[in-house]
1. I'd like the trypsin sites (Lys or Arg not before Pro) in segment A:74-179 restricted to DSSP loop residues with at most 16 other Cβ atoms within 10 Å, sorted by number.
2. Evaluate the charge dipole of chain B about its Cα centre and quote only its size in Debye, nearest 20, assuming +1 on the Cβ of each Lys and Arg and -1 on the Cβ of each Asp and Glu.
3. May I ask for the net charge around A:Gly396, where only other residues with Cβ less than 11 Å from the Cβ of A:Gly396 are counted and Lys, Arg are +1 while Asp, Glu are -1?
4. Go ahead and run the numbers for FRET between A:Ala97 and A:Thr353, Cβ-Cβ distance against an R0 of 25 Å, rounding to 0.05.
5. Which whole-percent values make up P(r) of the protein assembly as shown when all C-alpha to C-alpha distances are grouped in 10 Å steps starting at zero?
6. So for chain A, taking the charge dipole from beta-carbon charges (+1 Lys/Arg, -1 Asp/Glu), which of A:Gln402, A:Leu149, A:Ala60 sits furthest toward the positive end?
7. Running Debye on chain B with equal point scatterers at the Cα sites and no solvent, what base-10 log of I(q)/I(0) appears at q = 0.10, 0.12, 0.16 Å⁻¹?
8. With the cut-off at 1.5 for a/c, could you classify segment A:377-417 from its C-alpha gyration tensor as rounded, prolate or oblate?
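Bear in mind these aren't lab numbers, they're just calculated from the coordinates by the rules spelled out. Worth saying up front: this structure is predicted, and the values here are computed from it rather than measured. With ideal geometry, Cβ positions are generated from the backbone for all residues, glycine too; neighbour counts draw on all protein chains shown.
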Amino acid sequence: MSGLLFRFVGLIAAGLIFTATATAGKNSSTPVVVGSKNFTESVLLGELATQLLIARGIPAVHREALGGSRILWNALQRGDIDVYPEYSGTLRFELLANVVEATTAPLDKLLSGEGIAALPPFGFANNYAMGMAEPRAEGLHITRVSDLLRHAGLKIGVSNEFLHRADGWPGLKAAYQLPQLATGLDHDLAYRGLVEGDLDVIDLYTTDAEISYYNLRVLVDDRSYFPDYHALLLYRANWAADRPEVVGLLAALSGQLSEVDISRLNSLQKLDKQPAKEVAAQFLENRLKLAPADVRPQSNLRKELWITTSQQLFMVGVSMFAALLLALPLGVLAAKKPAIGRLILGLTGAVQTIPSLALLVFMIPLLGIGTLPAIVALFFYSLLPILRNTEAGLSGISHELQETAVALGLSAWARLWQIELPLASRTILAGIKTAAVINIGTATLGALIGAGGYGQPILAGIRLDDTGLILQGAIPAVLMAFVVQGLFSMVEKKLPASS
Amino acid sequence: MIQFRSIEFGFAGQRLFKDFNLNIVAGRSTALMGSSGSGKSTLLRLILGLLTPDAGEIVVGGEPLTADRLIDIRRRTGYLIQSGGLFPHLTARDNVTLMARRSGWNPRQIDQRLAELAELTRLKMDLLKRMPSALSGGQRQRVALMRALMLDPDLLLLDEPFSALDPLIRHELQDELKALIGELNKTVVLVSHDVAEAAWLADHLVLLSEGEIIQQGAFSVFRDQPATPFVEQFLAASRGLPE
């Protein structure tokens with residue numbers, strides 16, 4: 001147990017050091033933090049940048065697969081990451097969509113207004129397109145997007161980001177007057193839906209390896225709706241002023257990747273199951289003649305499990321502890337002052353209804369990415385069950401016993417500690433148990449903002465279509481929930497029966 | 001000992017007491033009788049400050065009952081209710097000794113007092129180790145009585161203490177309580193709807209109906225000079241009255 005405690009203290013210390021170095025003035029010994037989005041190609045581009053720098057003697061770390069565009073963009077602006085790969089269309093139509101002339105002004109000019117700069121593009125465009133399984137498209141004689149108009153009953157499933165993006169489904173539907181409704185799902189799962197016939201049409205990235213693998217027909221954008229999405233590396237302008245040598249080195253990647261190149265690299269990862277690190281190392285060795293980086297897997301399953309477990313426990317433990325500190329006294333207050341209680345319960349109830357992913361994203365402008373915003377979000381989610389059960393447990397004590405405690409001459413404080421809290425303890429404990437189980441489940445989403453934990457292998461497993469990897473996160477998460485539930489049940493048996 | 005002076009009190013807009021006056025004499029046992037809703041239990045809860053009168057004054061021990069005296073008065077008062085009100089999370093012993101421990105009694109004092117009380121209430125000492133849920137109804141009431149007496153209070157308030165018990169146990173406990181009252185020489189206020197019990201245990205009877213005193217005095221006064229037909233009815237409702 002004390003060993004575990006030491007590891008926790010170590011983790012906290014490491015976190016503090018990380019924060020400290022991240023905020024300290026940039027000098028040549030500070031590692032460059034490269035970010036990437038939660039899909040194969042972005043992780044590969046991030047890996048290329050990271051390995052290039054390391055090979056040239058610049059310390060660099062890759063915070064891979066952090067989440068969607070907005071998360072990365074916010075993290076870059078805040079300085080949580082220094083560099084990340086983005087696409088020109090995403091910048092114009094999504095991230096900077098509310099800037100005047102976002103679609104026409106030169107990209108450099110648009111970015112400089114935000115304090116961001118871009119390197120010249122990698123050389124390929126990864127555009128959005130709509131795709132269908134070849135036999136199905138053939139059977140319905142569909143070759144162009146406008147052909148979809150004739151088949152209102154087609155089932156369309158698109159990635160969640162595409163579903164809501166200004167340059168995604170809403171615009172496409174309007175431009176073509178499409179009659180269908182689209183449902184949102186994870187991009188990697190959409191392929192399975194298409195192959196298994198649950199979906200007829202999905203959105204594609206034109207560089208996806210799956211297009212040739214699954215023999216998909218890419219529909220012609222006959223009204224030229226989709227813009228170009230040239231891949232490029234973004235960095236913060238003021239950071240670059242301190243690290244001009246880094247920007248100079250990264251420029252070596254500009255123009256190095258054609259559509260054919262990137263499709264092949266994506267295919268190596270997704271279809272041949274090669275790790276992004278190895279694919280990137282091979283490419284850098286062949287194309288830029290860089291000495292191959294040591295990319296042998298440095299950790300084994302046990303070590304990875306230990307790391308994700310301690311990250312998960314740390315997130316859950318700290319957020320639960322903080323929630324207890326606030327929710328227990330608030331629950332007592334709510335029971336004693338019902339008018340205030342209704343207000344408190346209403347507010348915490350409202351927080352509970354914010355979708356967990358949205359809450360995580362809200363945290364980023366305030367707290368950046370990593371463990372801290374995840375803990376804060378989990379803290380909010382744990383409040384309500386504890387608060388509500390504390391209030392209910394105390395209010396549920398029979399009027400007779402409450403009056404007896406008063407009549408004996410016990411002070412309000414003594415009544416609370418000696419009589420009321422012990423009598424409410426089972427109900428309160430049940431609330432803490434509920435909070436803990438919700439917390440463990442929700443904590444897996446922390447991986448989307450770089451907090452690690454069991455969500456990391458789960459997300460990577462979904463991205464790489466690797467069931468083993470998914471289970472590596474899912475099984476321990478379920479076990480942890482069971483263990484926590486079991487521990488609480490043991491404690492519960494030792495508590496007095498409620499009155 | 002206790003005076004109610006011009007008390008006004010009501011629940012949820014419904015006036016129960018209007019200009020209510022009553023004097024409870026020290027060192028004597030007084031029984032408050034009446035049917036449910038007559039206000040007899042409410043009077044006990046007013047004495048303990050569990051309820052606050054809307055107007056008027058309650059005098060306890062010669063001084064008006066004020067908020068700052070409440071805790072002290074409660075600690076010098078033994079209060080026993082129909083269900084006993086034992087805390088289910090504490091052993092019988094911890095229920096009885098809760099206030100003594102909080103008042104800083106030493107373990108020897110506590111043990112000594114427990115032995116006295118166990119003898120007085122005729123409860124086997126080893127039953128005190130049990131949780132209330134493991135005791136019979138009669139045993140629970142004995143423990144609750146021990147708790148009420150633990151700090152040797154000047155005033156004992158008994159709110160229908162035995163009416164939840166079966167008749168055999170009830171009679172036994174009534175006998176014991178009578179002996180105990182005689183022995184302890186305390187001021188006792190008993191709430192009862194049972195004339196026989198009230199007459200057996202108390203020197204002074206007060207009959208209430210809807211917040212008003214119908215008649216008060218010794219039992220013989222009630223029997224010989226009933227003030228109203230209601231008094232006769234109330235007495236007739238009980239059987240086996242003493243001569």
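1. The qualifying sites are A:Lys155.
2. I would put it at about 900 debye.
3. Details: positive: A:Arg426; negative: A:Glu391, A:Glu420.
Result for the local shell: -1.
4. Taking R0 as 25 Å, the efficiency between A:Ala97 and A:Thr353 is 0.35.
5. The percentages, shortest bin first, are 2, 12, 17, 16, 11, 8, 8, 9, 9, 6, 2, 0, 0.
6. A:Gln402
7. -0.49, -0.70, -1.20
8. Oblate, since a/c reaches 1.5 and b/c is not below a/b.
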